[in-house]
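So the structure is just underneath, and the comments pick up after that.
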Amino acid sequence: MVFALWTVYVWVTRIVNVLSADEMSAPGKVLTVVLSLSLIALAGAAVWSAWTARAPRIIAIFAGWTVAVWVVRLPTILTLSGVDVPFKVVHSVLAVISVGLAVAAWRVTTVSHEREPAGTLY
């Protein structure tokens with residue numbers, strides 16, 4: 001649940017910021033909003049799946065997508081010229097927290113799923 005709430009907070013904030021950014025192109029805004037909405041949708045699906053047998057699969061997809069986004073996004077941010085150090089630090093912290101929560105959610109879900117006896121429903 002913490003992972004999902006964190007994700008919604010980060011990516012809703014990103015949508016608000018990008019929609020108010022005059023310097024970003026329209027296609028760039030669309031791409032950013034679509035990416036953000038994909039993570040928000042997966043967060044919602046993960047919360048919903050917590051009450052179903054689909055939780056391990058959905059949380060694995062959610063966690064994997066989160067890690068993939070930050071593996072691409074963070075190096076891009078860190079190598080941008082003209083971007084100040086505080087911006088890079090903030091995004092590094094966002095990435096570390098997001099990836100840490102993704103790994104934790106995946107591990108908890110995987111471990112709890114492996115311990116369930118055969119035929120047990122969630």
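Quick note: the coordinates plus some simple rules give every number you see, no bench work behind them. If you're wondering where the values come from, they're calculated on a predicted model, not measured in any experiment. Virtual Cβ from ideal backbone geometry, glycine too; neighbours counted across all protein chains shown.
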For the residue pair residue 96 and residue 8, what label-to-label distance in nm results when each label sits 7 Å from Cα along the Cα-to-beta-carbon direction? 2.7 nm
How far apart, in nm, are the 7 Å Cα→Cβ label points at residue 51 and residue 37? 2.6 nm
Degrees between helix 55-79 axis and first principal axis of the chain (Cα, 0 to 90, nearest 10): 20 degrees
Farthest toward positive dipole pole in the chain [+1 Lys/Arg, -1 Asp/Glu at C-beta], among 71, 60, 44: 60
Just want the ordering: 3, 87, from fewest to most Cβ atoms lying within 10 Å of their own Cβ. 87, 3
Rounded to a whole number, what is D in µm²/s for the range 61-108 from Stokes-Einstein with the Kirkwood radius over alpha-carbon pairs (10 °C, 1.306 mPa s)? 142 µm²/s
Lys, Arg +1 and Asp, Glu -1 on Cβ, resulting dipole of the range 2-115 about Cα centre, debye, nearest 20: 360 debye
Per 0.36 nm of contour for each residue apart, how much would the distance between residue 22 and residue 89 grow if the chain were fully extended, relative to their Cα-Cα spacing? 21.8 nm
Using helices alone, what [θ] at 222 nm do you get for the chain, with -39,500 (n - 2.57) per DSSP H run of 4 or more residues, divided over all residues and rounded to the nearest 500? -28500 deg cm²/dmol
Spherically averaged projected area of the range 2-115 from its Cα convex hull (nm²): 7.2 nm²
Efficiency by 1/(1 + (r/R0)^6): what FRET value for residue 29 and residue 72, r their Cβ-Cβ distance, R0 = 22 Å, to the nearest 0.05? 0.75
Sorted from fewest to most neighbouring beta carbons within 10 Å, what does the list 79, 66, 13 look like? 79, 13, 66
